[in-house]
Amino acid sequence: MGSPEMTSKAPKTSCNPLGSCHALHTRLIPDPSTQPIPDPSISPTFFSTPIMTTRLLSCVLLALSLACLHAEQATPKIFAGLLKKDQPIKGQVGMVIPPNEIDKHVAKVAAASRKNPEWFKQFSEKSEPGVPLPFHENLGLTKEEYDDYLKLWKQREFKTSEEVMILLRQGDKKSWVITATGSASTLSTLRYHAASDSFQSPNGKLTRLEDIDAPADSILGAWKGREWRFQEETGLGTTKENIALGQSADGKHGMIVYRVQELTGTGTRLLDKSLVVRFQTNIQAN
């Protein structure tokens, strides 16, 4: 029924931020009673005694440790409450399917659209995407049939076609990757760059769109999220690529929605791949 139009960090160290640095500081501080008395003719400097040198080293190590902690907390906000770095979670690839009884109404609307394609195109473009079209006699349904269609639409369910694993990892110092198994592995081709709030795919750069605030009668139900899109038009055709990340209104599920399309100059579809991955959001966000 519709689809979404969807810093450099200090290197990690294995040191305990307080424990090992404190122990190192203790080991290196010399016993004052064993140290020679400084020659007063020599002008003291910041580095003139072992104690001052040790203090400097301790400060540097502590700063690195704090930077280490900062790096662990720097997961981009777009993943907060959805995915946690290096923590694999189970997900389900699937689609939303209404009861079979709705097919008779869909068939009538399809037949009506073939009889009046221009009107149907304009009517669809003026309507809200991702939700049932408002009633109109040109849809080929009576008011009673249309009401029955809406009743059946409310009974739609998410049907799982494949169980997958999802993992958020840091690709390098500047990018993040959602890796996944099975058919969801397509997501691994995208890199998220927090500095520009964009995704990079083999096709190009996906830029941020308006946030999603889908109503209850949208195909995925009520949910909110963020969306990015790449679109390129050439003399040969058009390529569109979208990704959206969000959460259901009840807070129970996170969602990743992805779609890529390639159309010829005349509108013929060469490629149209959609992917919906749903997962529980019972993790603690960074």
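The values are calculated or read from the model by the stated rules, or taken from the named source; none is laboratory data. Since the model is a prediction, treat every value here as computed from it, not as a measurement. We place every Cβ from the backbone using ideal geometry, glycine too, and count neighbours over all the protein chains shown.
Overview of values
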quantity	calculated
Test result for TRP153, out of contact with any helix residue (DSSP H, G or I) (no Cβ under 7 Å at 6 or more places or on another chain) and at pLDDT 95 or above	no
Count of residues meeting criterion [among the hydroxyl-bearing types (Ser, Thr, Tyr) and over 14 Å from the mean Cα position of the chain (by Cα)] in segment 162-184	2
Residue check for GLN170: exposed (fewer than 13 other Cβ atoms within 10 Å of the Cβ) and polar (S, T, N, Q)	no
Hey, LYS173 charged (D, E, K, R), farther than 25 Å from ILE212 by Cβ and either at pLDDT below 95 or touching a helix residue (DSSP H, G or I) at 6+ places or on another chain (Cβ under 6 Å) (or both) or not	yes
Counted residues, segment 177-213 - those being outside any loop (DSSP other than H, G, I, E, B) and closer than 16 Å to LEU275 by Cα	11
Matching entry among LEU82, LEU133 (being within 30 Å of ALA222 (Cα to Cα), in contact with a helix residue (DSSP H, G or I) (Cβ under 7 Å, 6 or more places away or on another chain) and at pLDDT 80 or above)	LEU133
Test: residue in segment 161-184 that is among the aromatic types (Phe, Trp, Tyr) and out of contact with any Ser or Thr (no Cβ under 6 Å at 6 or more places or on another chain)	yes
Segment 223-248 - residue that is of a type in the set (Gly, Ala, Ser) and at pLDDT below 95 and, of those, farthest from GLU157 (Cα to Cα)	GLY235
Residue in segment 147-170 that is touching a strand residue (DSSP E or B) at 6+ places or on another chain (Cβ under 7 Å) and farther than 18 Å from LEU275 by Cα present	yes
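For (1) assigned by TED's automatic domain parsing to the domain that holds GLN92; (2) part of a helix (DSSP H, G or I), each residue gets a yes or a no:
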| residue | (1), (2) |
| --- | --- |
| PRO129 | no, no |
| PRO132 | no, no |
| ASN138 | no, yes |
| LEU141 | no, no |
| VAL164 | yes, no |
| LEU168 | yes, no |
| LYS173 | yes, no |
